[in-house]
Amino acid sequence: MTKRLDRPAAAATPWPDAATPRAIITRGEANLVPVLLAGLSAHAVTQAGPHGHAPFSLAVHPPGEAAPVGGLSGSFFYDWLFIQYFFLPEALRGQGLGRALMQQAEAAARARGCAGIWLDTFSFQALPFYEALGYRQFGRIDDFPPGQSRHYLMKRLKDGEA
């Protein structure tokens, strides 16, 4: 779903008892994310069961270096692996390292019994790379960022699933 912001929005409606609002909206709460995750998890478990959230990452280190220079990071949940971040420095691209990282992520997802992997990328990033690895597009947002597009891709891992 998308919402266009260049069209006039309907006028906001006040609380039924606007003289005594039931809540106040503020910005920039430092501890909001844990509250949101707990609430969403409590709601979702009644509909979809336990999410099984677990972080996942693979780091790339130059030989002899302690600090990583790239890698990928994501999360397992609901029997899928979501790859949120993936970066390799220019000097390490085009040598099979990205493919090896994705193969290791796929092996980890298979070992957990995941149905698949999903991720997103921008049109100026690695769309052909992911497509060459068997990922297919299931969604796109045009003009995000302006002049580009954001692509959502997935790859099923279980046999017999499209």
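Descriptive notes on the structure:
- Neighbour counts of C-beta atoms inside 10 Å place Ile141, Ile24, Ile83, Ile117 in the sequence Ile24, Ile141, Ile83, Ile117, starting with the fewest.
- Within the chain, percent of DSSP bridges classed antiparallel, to nearest 5: 85
- Residue exposure proxy: Asp159, Asp143, ordered by other Cβ atoms within 10 angstrom of their Cβ from fewest to most, comes out as Asp159, Asp143.
- Burial order of peptide ranges 26-37, 64-75, 45-56 (average beta-carbon count within 10 Å, highest first): 64-75, 45-56, 26-37
- Gyration tensor verdict on the chain (Cα atoms; rounded if a/c is under 1.5, prolate if a/b is larger than b/c, oblate otherwise): prolate
- Peptides ranked, highest mean first, by Cβ atoms within 10 Å: ranges 109-115, 89-95: 109-115, 89-95
- Rounded to 10°, Cα long-axis angle of helix 97-111 versus longest principal axis of the chain: 70
- Residue order, fewest to most surrounding Cβ atoms within 10 angstrom, among Tyr130, Tyr78: Tyr78, Tyr130
- Relative to the Cα centre, the charge distribution of the range 1-156, modelled as +1 at Lys and Arg Cβ and -1 at Asp and Glu Cβ, gives a dipole magnitude of about 320 debye.
None of the figures in this text is laboratory data; all of them are computed from the coordinates on show. Source: prediction; values computed, not measured. Cβ sites come from the backbone with ideal geometry, for glycine too, and all protein chains shown count toward neighbours.
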